[in-house]
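J.: Got a structure here, written out as structure tokens. Questions coming.
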Amino acid sequence: MEQIRSLPGVRCAARYLSRRNSGSVYYGTASLEGCGVIGVENDYFSAAGMQIIKGRLFGEHDIKTRSKVAVLDRSAAKSLFSSGDPIGKTIEIGKEVFLVVGVIDTESSFRPSIETMDDYYTYVGNTSAKVYIPLADWPILYRFDEPESVIVRCMDTDSMTEVGKKTAEI
């Protein structure tokens, strides 16, 4: 990842693993069917144009101790908790209990460039609720049988093509 992060024109980059329609996420009797679960490095949120709107993101302590913590997108928070505050509550993902530490939303100024179907599904097409967990916690729920992906945010649109080509080479 350091090779990618050090490329000229890269603002931030992060590794992630994801499962679409990964099953259900529960809070009490409320459930999210077919929710996306994404294991992320902390830089994922800024690379994807997301900002924390309540609570916090994952901390170094969470990652080092493999604390089972989760960040919900606005849709997941609303579906599971209606108008209640999800921070400090526990959810169940695949029979494992995770503590909700934050809620995120897309930055209002973020306008991604959509050039491929993958771009579309990353930014627009998959509007189902999403739950984010630290990448280090992924093996608690799943094996590492998914391909690892990388998300990169460039400094400006002029550098996107070159950064994309160099990232693909790495």
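The values are calculated or read from the model by the stated rules, or taken from the named source; none is laboratory data. From a predicted model like this one, the values you see are computed outputs, not experimental measurements. Using ideal geometry, Cβ is built from the backbone for each residue, glycine included, and neighbour counts are taken over all protein chains shown. All accessible areas refer to the heavy atoms of the entire protein, side chains included, with ligands and DNA or RNA removed. Shrake-Rupley method; radii C 1.70, N 1.55, O 1.52, S 1.80 Å.
J.: For region 65-80, which residues satisfy the criterion of being in a helix (DSSP H, G or I) and open to solvent by 20 Å² or more (accessible area, probe 1.4 Å)?
T.: Arg74, Ser75, Lys78, Ser79
J.: Taking the condition open to solvent by less than 10 Å² (accessible area, probe 1.4 Å), under 30 Å from Val163 (Cβ atoms), modelled with pLDDT of 95 or more and in a strand (DSSP E or B), does Val37 pass?
T.: So Val37 does not fit the description; no.
J.: Sticking with this structure for a sec: Taking the residues in region 65-100 that are in contact (Cβ under 8 Å) with a residue 60 or more places away in the chain and of a type in the set (Lys, Arg) as candidates, determine which candidate is farthest from Gly34 (Cα to Cα).
T.: This residue is Arg66.
J.: Output the residue which, of all residues in region 1-34 that are touching a Leu at 6+ places or on another chain (Cβ under 9 Å), at negative phi and not hydroxyl-bearing (Ser, Thr, Tyr), is surrounded by the most Cβ atoms within 10 Å (Cβ to Cβ).
T.: Only one residue tops the list, namely Val25.
J.: What pairs can you find where one residue is in region 143-170 and over 19 Å from Glu41 (Cβ atoms) and open to solvent by less than 80 Å² (accessible area, probe 1.4 Å), the other is part of a strand (DSSP E or B) and not aliphatic (A, V, I, L, M), and their Cβ atoms are less than 7 Å apart, with a gap of 6+ or different chains?
T.: Close Cβ pairs satisfying both conditions: Met160/Cys154.
J.: If you take the residues in region 54-64 that are in a loop (DSSP other than H, G, I, E, B) and touching a residue at least 24 places away in the same chain (Cβ under 8 Å), which one is surrounded by the most Cβ atoms within 10 Å (Cβ to Cβ)?
T.: Per the criteria, the residue is Phe58.
J.: What is the number of the single condition among (1) open to solvent by less than 10 Å² (accessible area, probe 1.4 Å); (2) at pLDDT 90 or above; (3) out of contact with any helix residue (DSSP H, G or I) (no Cβ under 7 Å at 6 or more places or on another chain) that Gly49 does not meet?
T.: Tallying (1) open to solvent by less than 10 Å² (accessible area, probe 1.4 Å); (2) at pLDDT 90 or above; (3) out of contact with any helix residue (DSSP H, G or I) (no Cβ under 7 Å at 6 or more places or on another chain), Gly49 fails exactly one: (2).
J.: State the number of residues belonging to region 90-100 that are open to solvent by 70 Å² or more (accessible area, probe 1.4 Å) and in a loop (DSSP other than H, G, I, E, B).
T.: 1
J.: Any residue in region 122-138 that is at pLDDT 75 or above, open to solvent by less than 40 Å² (accessible area, probe 1.4 Å), within 15 Å of Leu57 (Cα to Cα) and charged (D, E, K, R)?
T.: yes
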